[in-house]
Amino acid sequence: MIVGGGFAGHRCARTLSRLARGAADIVLLNPHDYFLYLPLLPQVASGALDPRRVAVSLTGTLPGVRLVLGEADGVDLDGRRVTYTDPEGGRSTLAYDRLVLTVGSVNKLLPVPGLTEHAHGFRGIPEALYLRDHLTRQTELAGASDDPAERAARTTFVVVGAGYTGTEVTAQGVRLTDALARGNAGLNGTYAGAATDAGEPVRPRWLLLDIAERVLPELDRRLSRTADRVLRARGVDVRTGTSVREARRDGVLLDDGEFVPSRTLVWCVGVRPDPLVESVGTPTERGRLCVDEYLTVPGHPEVFACGDAAAVPDLTRPGEVTPMTAQHAQRQGAVAARNVAASCGRGEARAYEHHDLGFMVDLGGFQAAADPLHVPLSGPLASLVTRGYHLAAMPGNRTRTAADWLLDAVLPRQGVQFGLVRSGSVPLDSAAPELARVPAPGGG
Ligand SMILES: Cc1cc2nc3c(=O)[nH]c(=O)nc-3n(C[C@H](O)[C@H](O)[C@H](O)COP(=O)(O)OP(=O)(O)OC[C@H]3O[C@@H](n4cnc5c(N)ncnc54)[C@H](O)[C@@H]3O)c2cc1C
């Protein structure tokens with residue numbers, strides 16, 4: 001039984017299904033019926049990709065694997081059972097002989113006043129759809145307002161965290177809001193009665209904050225320089241060494257005392273392991289389940305864990321654990337599958353070891369910062385390599401994704417919002433950012 005159908009879980013299920021060739025019952029428990037290709041999520045928020053492109057059908061790509069829709073909420077290691085809640089609220093139990101825990105991570109919070117009320121995270125499709133609609137709606141409301149202060153606040157977007165998520169959200173987001181503002185008569189100066197001060201068009205303003213001294217602080221400095229240059233060329237106000245002291249309904253108070261009027265605060269400061277990990281009851285390291293290099297939980301040879309949820313020893317950097325990246329999660333999933341098979345008498349168990357192959361940050365519009373095999377690239381070549389890599393790494397939807405990119409290169413972005421995912425459906429403090437929260441009957 002595999003709990004979690006993300007990078008690690010999907011690869012584990014696929015490899016195990018190939019190795020078992022029908023000789024094992026493989027069950028995958030996941031709250032939704034798709035594998036989420038997270039690295040392209042910023043492109044959903046900016047309207048470059050349709051959300052279904054990054055959602056790859058689990059049943060369609062995992063032949064021979066039984067999908068059970070549900071969210072695990074308890075693991076009984078002695079009784080070898082997992083309890084879960086299905087999408088209709090029903091509670092059930094599944095028994096296992098071998099268990100692989102790959103539940104990933106959720107938004108990391110910090111004790112900043114007002115944060116959970118006024119900021120949104122970026123970890124799932126509901127949050128990406130909310131942000132896309134929100135950016136569109138704020139630009140439209142700004143265009144309809146006669147009040148210059150309100151217009152400025154609505155067209156000011158603050159992103160906290162300049163890791164790859166925050167950097168991509170900003171780089172891609174600015175392209176969307178620039179396009180929307182250019183096409184909005186209330187903002188582009190073409191409406192005669194428009195309250196654009198002195199007839200000047202209003203250009204949306206993006207701020208990218210990080211406490212670190214450079215963007216992409218965890219990556220190679222050359223990638224940081226490329227990303228910084230592209231962001232600044234697009235007019236982004238990059239503030240390193242800066243963070244948020246307080247989040248308010250009408251803006252953000254920075255730690256240097258400046259107040260930035262805004263209606264948008266996107267929280268991309270990182271992730272923490274999924275809360276299910278705490279309930280397992282075995283040792284953890286910085287919230288991640290401790291495992292050995294064979295990905296087994298000490299004392300429980302029938303239980304494996306990998307991906308963001310597990311602290312996997314990094315044999316290439318003794319004393320460290322592997323970082324929370326898709327690159328590691330996917331490969332660990334394959335090794336976990338082999339080791340599960342080995343524990344059942346098929347093949348030999350293998351220790352997990354992987355040398356980092358570099359990183360790719362898609363900045364949109366033929367710009368990227370990448371260092372495949374540690375060769376630094378920028379500009380259109382980096383963009384080409386990055387997109388080629390994503391297409392190769394996706395377990396499905398490749399043609400549709402490539403078609404969206406082609407169309408986006410020649411057609412204007414669609415400036416429409418349905419408002420189906422509202423602010424209250426995507427709270428920052430959520431144990432399940434992959435699901436939109438449904439209000440309780442009668443309020444809540
Ligand atoms: C916006 C964004 C961009 C990123 N870009 C990159 C990138 O470019 N390159 C890179 O290497 N990494 C990137 N990452 C990091 C990468 O996506 C993660 O490291 C990777 O997804 C971890 O894989 P995983 O299998 O551990 O978890 P996930 O892929 O998150 O999968 C976890 C799965 O478990 C399910 N689940 C959670 N809780 C439960 C439960 N209780 N019961 C059942 N199922 C559960 C989830 O719904 C999900 O399907 C990015 C992350 C984000 C958020």
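The values are calculated or read from the model by the stated rules, or taken from the named source; none is laboratory data. These numbers were taken from a predicted model, which means no experiment stands behind them. Cβ coordinates were reconstructed from backbone atoms using ideal geometry, including for glycine residues, and neighbour counts include every protein chain displayed.
Structure data summary
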{"item": "Subset of segment 64-84 [in a strand (DSSP E or B) and within 8 Å of the ligand (Cβ to nearest atom)]", "result": "71, 72, 73, 84"}
{"item": "Residue match in segment 18-27 (condition: within 11 Å of the ligand (Cβ to nearest atom) and either farther than 29 Å from residue 157 by Cα or in contact with a Phe, Trp or Tyr (Cβ under 9 Å, 6 or more places away or on another chain) (or both))", "result": "no"}
{"item": "Flag if residue 230 is farther than 26 Å from residue 424 by Cα, surrounded by 20 or more Cβ atoms within 10 Å (Cβ to Cβ) and modelled with pLDDT of 95 or more", "result": "yes"}
{"item": "Residue check, residue 123 surrounded by fewer than 23 Cβ atoms within 10 Å (Cβ to Cβ), assigned by TED's automatic domain parsing to the domain that holds residue 227 and within 22 Å of the chain's Cα centre (by Cα)", "result": "no"}
{"item": "Residue within segment 238-245 that is among the charged types (D, E, K, R), within 23 Å of the chain's Cα centre (by Cα) and modelled with pLDDT of 95 or more present", "result": "yes"}
{"item": "Residue that is more than 30 Å from residue 402 (Cα to Cα) and either assigned by TED's automatic domain parsing to the domain that holds residue 203 or not in a strand (DSSP E or B) (or both), where the choices are 109, 135, 94, 129", "result": "109"}
{"item": "Residue within segment 343-354 that is within 24 Å of residue 10 (Cα to Cα), in contact (Cβ under 8 Å) with a residue 12 or more places away in the chain and not in a loop (DSSP other than H, G, I, E, B) present", "result": "yes"}
{"item": "Out of 89, 47, 114, sole residue that is in contact with a helix residue (DSSP H, G or I) (Cβ under 9 Å, 6 or more places away or on another chain), more than 14 Å from the ligand (Cβ to nearest atom) and over 21 Å from residue 337 (Cβ atoms)", "result": "47"}
{"item": "Among (1) surrounded by 17 or more Cβ atoms within 10 Å (Cβ to Cβ); (2) of a type in the set (Lys, Arg); (3) more than 16 Å from the ligand (Cβ to nearest atom), the one test that residue 387 misses", "result": "(3)"}
{"item": "Restricting segment 291-312 to residues that are crowded, with 17+ Cβ neighbours inside 10 Å and in a strand (DSSP E or B), the residue that is nearest to the ligand (Cβ to nearest atom)", "result": "310"}
{"item": "Checking residue 99 against (1) surrounded by 15 or more Cβ atoms within 10 Å (Cβ to Cβ); (2) within 23 Å of the chain's Cα centre (by Cα), the condition it does not meet", "result": "(2)"}
{"item": "In segment 28-45, residue surrounded by the fewest Cβ atoms within 10 Å (Cβ to Cβ) [restricted to those that are assigned to a helix (DSSP H, G or I) and touching a Phe, Trp or Tyr at 6+ places or on another chain (Cβ under 9 Å)]", "result": "38"}
{"item": "Only listed residue being within 16 Å of the ligand (Cβ to nearest atom) and within 27 Å of residue 110 (Cα to Cα), chosen from 212, 227", "result": "227"}
{"item": "Helices (runs of 4 or more DSSP H) wholly inside segment 154-239 containing at least 2 residues that are closer than 20 Å to residue 118 by Cβ", "result": "164-182"}
{"item": "Residue 401 more than 13 Å from the ligand (Cβ to nearest atom), of a type in the set (Val, Ile, Thr) and more than 23 Å from residue 97 (Cα to Cα)", "result": "yes"}
{"item": "All positions within segment 366-419 that are under 16 Å from residue 39 (Cβ atoms) and aromatic (Phe, Trp, Tyr)", "result": "389, 405"}
{"item": "Candidate set: segment 233-272, residues that are among the hydrophobic types (A, V, I, L, M, F, W, C) and without any contact (Cβ under 8 Å) to a residue 40 or more places away in the chain; chosen: the one farthest from residue 430 (Cα to Cα)", "result": "233"}
{"item": "Residue under evaluation residue 155, criteria (1) closer than 19 Å to residue 138 by Cα; (2) surrounded by fewer than 24 Cβ atoms within 10 Å (Cβ to Cβ), criterion not met", "result": "(2)"}
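Here is a yes/no grid of residues against (1) under 26 Å from residue 73 (Cα atoms); (2) touching a Ser or Thr at 6+ places or on another chain (Cβ under 7 Å); (3) in the same structural domain as residue 151 (by TED's automatic domain parsing):
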{"residue": "254", "(1), (2), (3)": "no, yes, yes"}
{"residue": "259", "(1), (2), (3)": "no, no, yes"}
{"residue": "276", "(1), (2), (3)": "yes, no, no"}
{"residue": "290", "(1), (2), (3)": "yes, yes, no"}
{"residue": "301", "(1), (2), (3)": "yes, yes, no"}
{"residue": "316", "(1), (2), (3)": "no, no, no"}
{"residue": "330", "(1), (2), (3)": "yes, no, no"}
